[in-house]
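Since the structure comes first, as structure tokens, the remarks are kept for the end.
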Amino acid sequence: MLREAQPLTTGPPGGRGPGLRQVIGPCLLSGAVLAAVSAVAFGSGRYSVPLDHVVQILASRIVPFGPGLPAAEENVVLLVRLPRVLLALLVGGALAIGGAALQAVFRNPLVSPEVIGVSSGASFGGALALLLGLGPVALVGGSFGFGLLALGIVFLITSGRGGAHILMVVLGGIVTASFFSALVALVTYLADPFTTLPAIVFWLLGSVSTATWAKVLVALIPIAAGGVVLLALRWRINVLSLGDDDATALGLRPRPLRWAVLAAVALMVAGAVAVSGVISWVGLVIPHLARMWVGPDHRVLLPVSFLLGGAYLIAIDTIARTATAGEIPLGVLTALIGAPVFFVLLRRNRERIWDGA
Amino acid sequence: MSIPEANRRSVLAAALYGGGALFLASCAAAGTAPQSSPQSTPPAGTAGTAPPGSASGPAGIQVTDQRGTVLSFDRPVTRVVTIPMPAASLLAAVDQGASHLAGMHNASWVAMRDGAMGAMYPEALNIPHDIATTDFTPNVESIRALNPDVVVQWSDAQLTAPLEQAGMKVLGITNTGTQQDVDTWTALFATMLGRPDRAVQMKARSDGQQKAIQAEAAARGTGGPGIVYFNRFSGGLKVAGNGSYNDFYIKLIGAHNPATGPQGLQGKGMVGVDVEQVLAWDPEIILLGNFDDAMPADVYANPVWQSVSAVRSRRVYKVPLGGYRWDPPGQESPLMWRWLTDVSFPSGNRSTLRNETNDYFDFLYRHQPSAPELDKILWTEANGTSANYRQFDAS
């Protein structure tokens with residue numbers, strides 16, 4: 001029988017946490033991983049650009065120097081790879097930090113944006129915008145609005161005395177995700193099979209292959225806004241993860257705080273889904289990996305999840321665009337890699353996750 | 001899009017969004033298929049090798065569809081329902097009118113409404129078209145209510161069995177993305193309609209054009225431009241790979257397709273591709289298909305593509321859209337071959353394509369497009385800023 005999970009934090013949440021060094025250390029190391037992965041991503045691609053040219057092209061944006069390089073190489077680096085890497089960073093980071101925050105708020109280690117229906121809701125909003133040909137603003141707005149609506153439905157289903165029981169979270173997520181999946185199916189039913197439908201299917205499969213600077217901006221605004229809110233609330237999220245009674249005893253008002261966190265996550269996930277479609281597993285795998293490394297304190301866990309999530313998706317996307325001459329859908333790769341990785345994590349940490357089950 | 005791709009999509013969608021119904025349907029189809037085709041007795045030794053046959057005589061009309069199922073009719077059919085996308089316009093071309101079209105897929109109807117067919121046969125826009133889902137699953141009762149003599153459907157047991165179980169005759173067709181498909185469908189439709197001569201005429205003209213194009217290509221020798229056809233350009237790139245019809249006609253005219261060359265793609269049909277790969281191919285001509293709304297201006301304005309030869313020489317073209325799209329195989333394909341030859345190997349003189357299109361449309365549809373209709377078919381405005389396209393101007 002399923003039981004409620006252990007609180008995701010240990011120790012006095014409102015008391016003295018890790019020192020500055022303990023926060024900065026993992027963040028710097030995560031940042032180094034991100035930088036290394038990004039360097040590989042910049043140097044890889046089907047169009048051959050020597051690594052020194054890549055460095056020169058990127059550096060020339062800051063300090064103009066030396067003779068100009070071929071325009072084709074500049075286009076590839078600045079207009080193809082750079083926005084693509086940045087978009088993967090934003091989307092991967094948003095999904096990972098969103099997953100980490102949701103797991104704390106729901107006090108459940110198996111929650112992710114996909115499990116609780118946010119992605120399905122955002123998918124429907126985006127697919128509807130594509131069906132109606134409403135343009136990129138409606139795509140983002142539809143994704144955000146319906147992502148938020150889905151989250152609200154799950155929250156209403158799971159709220160009540162005793163917090164969010166694991167079974168209620170799972171059931172609420174299934175109900176909401178199924179409902180919006182049915183609406184997505186309705187949209188695909190109504191779409192023209194030879195024109196609109198392929199665009200919807202491609203978007204639903206998840207990809208950052210259509211990255212442009214405009215899309216980076218579209219993703220940056222909601223993801224940065226949501227990320228700032230989550231990071232600002234990082235210690236309060238620690239308190240929330242102990243449960244409403246403890247949070248109240250420590251002087252917090254759990255319900256409005258929880259709504260603030262959920263809205264921030266919905267904003268980020270909707271922004272990510274709007275520019276890249278549904279990319280699964282990142283929000284589940286990366287927070288667990290990060291938690292195994294830095295522990296359950298969200299003051300460290302949240303920024304590390306963002307950085308590792310970004311690095312992970314950049315790495316996956318680099319594989320997607322370089323492994324073959326064709327383009328492999330990103331959502332397929334993240335699921336193919338994420339599912340086995342998560343299986344291993346579950347096997348290794350079952351006691352911590354399942355409360356001795 | 002090829003039909004296998006459409007079927008993959010439908011299976012994926014069904015699996016994702018409630019595949020239980022599909023599972024049950026497939027179980028039902030598997031269990032009843034032997035009874036659903038009592039006439040399925042193709043002659044031994046011919047099925048799978050010889051093209052589907054057709055015959056007519058005093059005793060009536062018999063056709064063998066692409067499943068090997070033999071269909072018998074006492075008289076030429078007068079009420080045909082078509083579910084596969086290209087079948088409605090092909091039937092109209094074979095029949096030189098839409099009066100025997102009793103129903104069609106909504107996507108066919110939309111293509112008629114938005115293309116030249118709607119102008120040629122405005123009465124066709126009143127034909128019922130809410131008869132099947134986007135994945136071609138038939139609405140049996142809607143189709144039954146139309147009282148068709150025959151229903152044209154893709155040769156998939158899950159798609160044909162419900163219709164046959166309801167007592168309707170089903171002509172199953174398959175799509176391998178080749179010119180032979182069009183020839184076979186034309187022969188089947190012509191025989192059912194009691195006009196076998198039309199199939200002979202249409203094939204003769206198609207074969208004649210193909211030989212002429214081949215002869216011109218042979219006379220020019222090797223060294224034709226590299227052409228990449230984009231099935232999708234907006235929202236992710238998809239190009240024509242191995243086994244696609246587009247690859248066939250690119251090579252037919254004496255050009256080459258980098259997507260199927262030494263640095264080509266592994267997959268078949270329309271394959272998703274990274275923009276860097278296209279930049280590495282550096283095609284000399286880019287063709288934008290009619291399966292999305294991308295136009296040459298979109299490519300010219302996009303800074304990512306500025307270094308590509310096709311953009312620098314302004315040789316990006318939207319593929320024409322006539323009675324049906326010219327991208328996939330169809331009854332207007334001979335015109336596509338001529339158009340592609342003219343844009344790929346411009347002679348410097350005015351093209352004869354407008355006159356040829358008038359003549360061919362008269363032969364196919366008994367309709368000669370007006371000058372504005374021809375401009376719309378050839379996308380003369382959208383392609384107007386591309387190189388060598390003035391050869392298609394009206395005067």
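The values are calculated or read from the model by the stated rules, or taken from the named source; none is laboratory data. None of these values were measured; they are calculated from a predicted model. No Cβ is skipped: glycine too gets one built from the backbone with ideal geometry, and neighbour counts run over all protein chains shown. Note: accessible area is taken over every heavy atom of the protein model, side chains too, but ligands, DNA and RNA are not part of it. Shrake-Rupley method; radii C 1.70, N 1.55, O 1.52, S 1.80 Å.
Could you give me the residue pairs with C-beta distances under 8 Å whose first residue belongs to the stretch A:36-60 and is away from chain B (no Cβ under 14 Å) and under 14 Å from residue A:322 (Cβ atoms), whose second residue is open to solvent by less than 30 Å² (accessible area, probe 1.4 Å) and assigned to a helix (DSSP H, G or I) wherever it lies, and which are 6+ apart or on separate chains?
As it stands, the answer is A:37/A:311; A:37/A:314; A:37/A:318; A:40/A:318, since those pairs meet every condition given.
Restricting attention to the stretch B:337-359, which residues are under 15 Å from residue B:323 (Cβ atoms) and surrounded by fewer than 23 Cβ atoms within 10 Å (Cβ to Cβ)?
B:356, B:358, B:359
Quick check: anything in the stretch A:75-85 outside any helix (DSSP H, G or I) and at pLDDT below 90?
no
Would it be correct to say that residue B:298 is within 14 Å of another protein chain (Cβ to nearest Cβ) and either open to solvent by less than 30 Å² (accessible area, probe 1.4 Å) or touching a strand residue (DSSP E or B) at 6+ places or on another chain (Cβ under 9 Å) (or both)?
Spelling it out, residue B:298 is indeed within 14 Å of another protein chain (Cβ to nearest Cβ) and either open to solvent by less than 30 Å² (accessible area, probe 1.4 Å) or touching a strand residue (DSSP E or B) at 6+ places or on another chain (Cβ under 9 Å) (or both).
Condition test on residue B:278, is it more than 8 Å from every other protein chain (Cβ to nearest Cβ) and either touching a residue at least 12 places away in the same chain (Cβ under 8 Å) or acidic (Asp, Glu) (or both)?
Against the criterion (more than 8 Å from every other protein chain (Cβ to nearest Cβ) and either touching a residue at least 12 places away in the same chain (Cβ under 8 Å) or acidic (Asp, Glu) (or both)), residue B:278 qualifies.
It is to be established whether one or more residues within the stretch B:347-367 are among the basic types (Lys, Arg), assigned to a loop (DSSP other than H, G, I, E, B), out of contact with any Gly (no Cβ under 6 Å at 6 or more places or on another chain) and closer than 26 Å to residue B:300 by Cβ.
Yes; the residues of the stretch B:347-367 include at least one that is among the basic types (Lys, Arg), assigned to a loop (DSSP other than H, G, I, E, B), out of contact with any Gly (no Cβ under 6 Å at 6 or more places or on another chain) and closer than 26 Å to residue B:300 by Cβ.
Can you pull out every residue in the stretch B:123-139 that is away from chain A (no Cβ under 14 Å), open to solvent by 40 Å² or more (accessible area, probe 1.4 Å) and either part of a loop (DSSP other than H, G, I, E, B) or not polar (S, T, N, Q) (or both)?
B:123, B:125, B:128
Could you check the stretch A:57-69 and list, in sequence order, the residues that are open to solvent by 20 Å² or more (accessible area, probe 1.4 Å) and modelled with pLDDT of 80 or more?
Listed by number, the residues that qualify are A:58, A:59, A:60.
Can you tell me which residue is farthest from the other protein chains (Cβ to nearest Cβ) among those in the stretch B:222-264 that are open to solvent by less than 20 Å² (accessible area, probe 1.4 Å), assigned to a helix (DSSP H, G or I) and under 20 Å from residue B:335 (Cβ atoms)?
Once the filter is applied, the top-ranked residue is B:252.
How many residues are closer than 22 Å to residue B:73 by Cβ, open to solvent by 10 Å² or more (accessible area, probe 1.4 Å) and assigned to a helix (DSSP H, G or I) when one looks only at the stretch B:140-151?
Count: 3.
Are any residues in the stretch A:97-118 open to solvent by 10 Å² or more (accessible area, probe 1.4 Å) and not in a loop (DSSP other than H, G, I, E, B), and if so, which ones?
none
Does residue B:304 satisfy the condition of being within 14 Å of chain A (Cβ to nearest Cβ) and part of a helix (DSSP H, G or I)?
It is true that residue B:304 is within 14 Å of chain A (Cβ to nearest Cβ) and part of a helix (DSSP H, G or I).
With a cut-off of at least 2 residues that are in contact with a helix residue (DSSP H, G or I) (Cβ under 8 Å, 6 or more places away or on another chain) and open to solvent by less than 30 Å² (accessible area, probe 1.4 Å), name the helices (runs of 4 or more DSSP H) lying wholly within the stretch A:179-295.
Passing ranges, in order: A:196-205, A:213-232, A:234-240, A:254-276, A:282-294.
Yes or no, residue by residue, for (1) buried (at least 23 other Cβ atoms within 10 Å of the Cβ); (2) among the β-branched types (Val, Ile, Thr):
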{"site": "B:153", "(1), (2)": "yes, no"}
{"site": "B:169", "(1), (2)": "no, no"}
{"site": "B:178", "(1), (2)": "no, yes"}
{"site": "B:181", "(1), (2)": "no, no"}
{"site": "B:185", "(1), (2)": "yes, no"}
{"site": "B:189", "(1), (2)": "yes, no"}
{"site": "B:196", "(1), (2)": "no, no"}
{"site": "B:203", "(1), (2)": "no, no"}
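Please specify each residue of the stretch A:79-96 satisfying the condition of being open to solvent by less than 20 Å² (accessible area, probe 1.4 Å) and within 11 Å of chain B (Cβ to nearest Cβ).
A:80, A:81, A:83, A:84, listed by residue number.
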